[in-house]
1. If each residue of separation counts as 0.36 nm, what is the full-extension length gain between residue 36 and residue 75 once their alpha-carbon separation is subtracted?
2. Expressed as a rounded percentage, what relative contact order does the chain have, with Cα pairs under 8 Å and six or more residues apart?
3. Longest exposed-loop-site-free stretch of the chain, with trypsin sites (Lys or Arg not before Pro), DSSP loop and at most 15 other Cβ within 10 Å?
4. What are the ³J(HN,Hα) values, in whole Hz, obtained from phi via the Karplus relation 6.51 cos²θ - 1.76 cosθ + 1.60 with θ = phi - 60°, for each residue of segment 116-126 in sequence order, with x given for Gly and Pro?
5. Pull up all non-local amide H partners of residue 125: gap of 5 or more, or a different chain, and H-to-H distance under 5 Å with H placed in the peptide plane.
6. Tell me, what HN-Hα J-couplings in whole Hz come from the Karplus equation 6.51 cos²θ - 1.76 cosθ + 1.60 at θ = phi - 60° for each residue of segment 12-23, using x for Gly and Pro?
Amino acid sequence: MIIVDTNIISYFYLNSDYSPIAEQVFKKDPVWSAPFLWRSEFRNVLTFYIRKNIIMLSEAIEIFEFAEELLKENEYEINSVQVLSLSHSSGCSAYDCEFVSLAKDLDISLITEDKKILKNFRDLAVSMNQFIETS
């Protein structure tokens, strides 16, 4: 099991330059987890794609349902005190620190491409390439 941030989920379900590597991450570990926050963030990404006429509403709904199925039973509530503390000490957003907090609580890796998270949480966060390259 790994923690994935919303960008990784987006790369996996929406066509981008990062999509092939997100698929490799999934092949290496298909048990993805995230804080419940991922739902709101991913809905926001899908809304952006709809507004830019990249996908239709019906496609967005279908994509969201697939993502819900993938993360079903692997979504978690987060400790707000820990999130605020992590955000304060790192300068990362509280949104980002929800993913960090979950990785810390479950003692598993957070897969992200967020440079600030990767810099501030080297003990928990790894890029998609780093994750794929490790045995």
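Throughout, read-outs are computed from the coordinates displayed, never taken from laboratory work. None of these values were measured; they are calculated from a predicted model. When we count neighbours, we look across all protein chains shown, and the Cβ atoms used for this are built from the backbone with ideal geometry, even at glycine.
1. Working: separation 39, 0.36 × 39 = 14.04 nm, distance 0.55 nm.
Once the chain is fully extended between residue 36 and residue 75, it gains 13.5 nm.
2. Numbers: 164 pairs, mean separation 41.7, N = 135.
Result for the chain is 31 percent.
3. In the chain, the maximal stretch lacking such sites is 1-51.
4. Here the 3J(HN,Hα) series is 5, 5, 4, 6, 8, 10, 4, 7, 10, 9, 9 Hz.
5. 110
6. Couplings: 5, 9, 10, 5, 7, 4, 8, 4, x, 6, 4, 5 Hz.
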